[in-house]
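The numbers here are math on the coordinates, done by the rules we state, and not lab data. Note that this is a predicted model, so its numbers are computed, not measured. With ideal geometry, Cβ positions are generated from the backbone for all residues, glycine too; neighbour counts draw on all protein chains shown.
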Amino acid sequence: MSDLGLAGRSVLVVGATKGLGLAIARKFCESGAYVLLDYAHDDEAAKAALASLEGLPGSASLIRADPSTEDGAAQLAAAVSAAGRGLDVLVHNAASWHPMPAAGASVADLHTDVAAALDPLLRLVPALLEHLKPGSRVLAVSSSGAQRVIPRYVALGVAKAALESLVRYLAVELAPRGITVNAVTTAKLDKGDETTQPEMVQVLAARTPAGRLSTPADVADVVALLSAPEAGWIHGQVITADGGLGLRS
């Protein structure tokens, strides 16, 4: 395992107990970081996630809080403060998706997805600012649907496009503090047995120059790279991790 200088770092992952979020938490734990796994409601999945990280070089703990609310953001800030390590990395992976067409979309459901994308960062960054050290990283997970049209993906596509814009604004405002803000974007992920629309995996894998679909671990690796000290001169960027699939779309 390569040393990215993440051992001993304090990390908060929002949306951390399943899929990509859990892969990100695992990557940081493998690197020796202290990881706080935030989740919204599924206690059983959270317990299973925590158990899966046992025995790794780092340490992990759970917190149930909704960072899209003022109370939830305050709860997370209090947990970071109580740990006494400050915060080196904040990863926003929470999302909501209501499939729908653009023409005749449910405005209420679309607004829900946009809020799920924007509100955690809008609330957490101010709440955690006193704990974010110079050299800290704020990272958001985006989607290729922010830039490309995917059937029935309008709500999440618009939400992620707005999130990428927010990343740029935050990057400019936080750069003088020595804090970088970036996003990692990817396409459909191969999650093994948990993959939705498995019939699409073979089709998209054949179109991917690297020969297969991205996995959660692939994207987690890029999140870790952007968290390394050497990534300190990258500000306000959206880094694509898709094995080259987007080059052929």
Inverse mean reciprocal Cα-Cα distance (Kirkwood Rh) of the chain, Å: 18.2 Å
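Under a point-charge model restricted to the Cβ atoms of Lys and Arg (+1) and Asp and Glu (-1), what is the dipole moment magnitude of segment 10-238 relative to its Cα centre, in debye to the nearest 20? Don't jump to the answer; show the numbers that get you there.
Details: 18 positive and 23 negative charges, 109 e Å.
So the magnitude is around 520 debye.
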Assigned charges on the beta-carbon of Lys, Arg, Asp, Glu; segment 124-241 dipole about Cα centre (debye): 280 debye
Loop-resident sites, segment 181-238, for trypsin sites (Lys or Arg not before Pro), counting at most 15 other Cβ within 10 Å (DSSP): ARG212
In sequence order, calculated HN-Hα J values of segment 148-157 (Karplus, 6.51, -1.76, 1.60; Hz; x Gly/Pro): 10, 7, 10, x, 6, 10, 4, 5, 6, x
Only Lys, Arg (+1) and Asp, Glu (-1) charged, at Cβ; segment 176-249 dipole about Cα centre in debye: 240 debye
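Quick one: plug the Kirkwood hydrodynamic radius of segment 145-196 (C-alpha pairs) into Stokes-Einstein at 20 °C, 1.002 mPa s, and report D in µm²/s.
Numbers: Rh = 12.9 Å.
Estimated via Stokes-Einstein, D reaches 167 µm²/s.
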Structure-based [θ]222 nm, the chain - -39500 (n - 2.57) summed over DSSP H runs of at least 4, per residue, nearest 500: -13000 deg cm²/dmol
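Do any trypsin sites (Lys or Arg not before Pro) in segment 125-163 lie in a DSSP loop with no more than 16 other beta carbon atoms within 10 Å, and if so, which?
Working: sites: ARG137, ARG148, ARG152, LYS160; in loops: ARG148, ARG152.
Here the trypsin sites (Lys or Arg not before Pro) that fit, given the DSSP loop and packing criteria, are ARG148, ARG152.
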Filtered GluC sites (Glu not before Pro), segment 1-63: DSSP coil and at most 15 other beta carbons within 10 Å: GLU54
Hz values of 3J(HN,Hα) by residue in segment 16-31 - Karplus curve (6.51, -1.76, 1.60), Gly and Pro given as x: 10, 9, 9, x, 5, x, 5, 4, 5, 4, 5, 4, 5, 5, 4, 8
Long-range lysine pairs (8 or more apart or interchain), segment 10-238, Cα under 24 Å: 13
